[in-house]
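Right, one structure below, let's go through it.
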Amino acid sequence: MRINKYLALCGLSSRRNSEIFVREGKVKINGRTVTDLSTDVKDTDIVTVNNERLLPTEEHIYIMLNKPKGYVCTTSDELGRKTVLQLLGSKYEGKRIFPIGRLDYDTEGLLLLTTDGDVANRIMHPKSEVPKTYVAKIEGEITEAELAKLRGGVILDGVKTKKCKVRLKDFTDNISRVEVVITEGRNRQVRRMFDSINREVVFLKRVAIGELKLGGLYRGTSRELNAKEIEYLKKV
Ligand code: URA
């Protein structure tokens with residue numbers, strides 16, 4: 001098995017991120033540093049990362065978190081900001097849990113975390129096209145013509161966004177609440193889509209990833225996925 005796949009199976013990180021550990025020379029097989037991504041691992045090999053032994057684990061952890069704003073979706077932050085892992089509590093200390101994809105610092109809502117690099121990879125892969133549902137609040141009354149522009153695709157960094165579902169949920173107290181369902185995961189995509197039509201998102205929350213819904217989970221709290229939800233994720 002290729003080294004990056006093996007590392008992901010051990011719950012180190014997603015396969016793509018595992019490559020970074022290899023490139024940075026942090027991975028050793030039987031005591032020898034490997035930096036070649038085409039290296040294979042045999043059953044009898046001893047693999048270490050930062051001199052700590054790794055073993056493939058079957059018992060993966062799958063968590064749904066309601067991320068509040070003001071947290072970063074990385075395992076550590078060079079600016080010393082709070083990370084989503086700090087919301088999980090001591091039960092998960094020492095487990096190699098990482099977020100599946102990202103929500104911006106200022107965005108809240110459904111974030112999945114896992115130790116399962118393979119599942120994370122599949123969900124994040126552009127080909128999987130898992131729909132992600134957001135609720136965006138915009139100041140003022142947004143028009144149907146503006147929503148239609150977003151649905152048809154807008155240009156971000158020279159590339160058109162894919163067709164998506166956009167609908168006005170309601171308009172009260174001078175705020176339009178808009179539901180947006182996208183199948184891509186480009187950087188700050190929802191905020192930039194609205195920017196492109198000169199509308200600023202003043203609040204953004206992800207409420208669903210595919211069939212998984214945030215439901216009534218309180219802001220800042222988390223729960224483990226149930227068997228049915230895990231089965232769904234594995235089939236995505
Ligand atoms: N779109 C955004 O603008 N921000 C997110 O965090 C997710 C999607």
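Since every read-out is calculated from the coordinates, none of them should be taken as a lab result. If you're wondering where the values come from, they're calculated on a predicted model, not measured in any experiment. As a convention, Cβ positions derive from the backbone with ideal geometry for all residues, glycine included, and neighbour counts pool all protein chains shown.
Would you give the gap between the C-alpha center of the stretch 169-236 and the C-alpha center of the stretch 10-45, rounded to a whole Å? For the stretch 169-236 versus the stretch 10-45, the Cα centre distance is 34 Å. Based on DSSP loop calls and a cut-off of at most 16 other Cβ atoms within 10 Å, the longest stretch of the chain free of exposed GluC sites (Glu not before Pro) is what? Between the exposed loop sites, the longest stretch runs 142-183. Calculated mean residue ellipticity, 222 nm, the chain: -6000 deg cm²/dmol, from DSSP H runs (n ≥ 4) at -39500 (n - 2.57) each, averaged per residue and rounded to 500. In the chain, the DSSP beta bridges split such that about 95 percent are antiparallel, to the nearest 5. Work out the FRET efficiency for A148 and N30 from their Cβ-Cβ distance, taking R0 = 41 Å, and round it to the nearest 0.05. Efficiency, rounded to the nearest 0.05: 0.10.
Any idea what the relative contact order of the chain is, in percent, if you count C-alpha pairs under 8 Å spaced at least 6 apart?
Working: 456 pairs, mean separation 49.9, N = 236.
Here the relative contact order equals 21 percent.
Contact order, relative form, for the stretch 9-139: 28 percent (alpha carbon pairs under 8 Å, 6 or more residues apart, mean separation divided by residue count).
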